[in-house]
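Data first, discussion second: the structure below is written as structure tokens.
The values are calculated or read from the model by the stated rules, or taken from the named source; none is laboratory data. None of these values were measured; they are calculated from a predicted model. Neighbour counts run over all protein chains shown; Cβ positions are idealised from the backbone, glycine included. Note: accessible area is taken over every heavy atom of the protein model, side chains too, but ligands, DNA and RNA are not part of it. Shrake-Rupley method; radii C 1.70, N 1.55, O 1.52, S 1.80 Å.
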Amino acid sequence: MSQKRIPILRVKWEDSCSNAAWASQEWHEKNASPSACESIGYLVTRNKKQISLAQSISSTGNITDVISIPRQCATSIEVIGFSTEPRSTKGKR
């Protein structure tokens, strides 16, 4: 069984937001804005197109609950730590 250092990132990003309220155009102009988001997770992918983070990682190295954030939506990317998890071939999909 080998071990691999996995970066843990905090990504701040902006997401699209919609409002289905019946209101005047002026109200929507004043109240419409993207949603500020923050995600923390194990780094899966980081390239020019996207940053993907996994919420959970198992002792066999399997991951789950992966979010892919478009790179152009990221406003801040910070390495907040590292996790050293066992990586084995047992249980891999």
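One table, with the values for the structure above:
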item	result
Spin-label model distance (nm) - Arg5 vs Lys30, 7 Å beyond Cα toward Cβ	5.2
Residue-count net charge about Ile77 - beta-carbon cut-off 12 Å; Lys, Arg +1, Asp, Glu -1	+2
Charge tally in the Cβ shell below 14 Å around Glu38, where Lys, Arg are +1 and Asp, Glu are -1, Glu38 excluded	-1
Percent carbon-and-sulfur accessible area, the stretch 1-89, ignoring ligands, DNA and RNA, probe 1.4 Å	48
Residue-span extension gain [Ile77 to Lys48] - 0.36 nm each, minus C-alpha spacing	9.1 nm
Helix-derived mean residue ellipticity, 222 nm - over the chain, DSSP H n ≥ 4, -39500 (n - 2.57), to 500	-2000 deg cm²/dmol
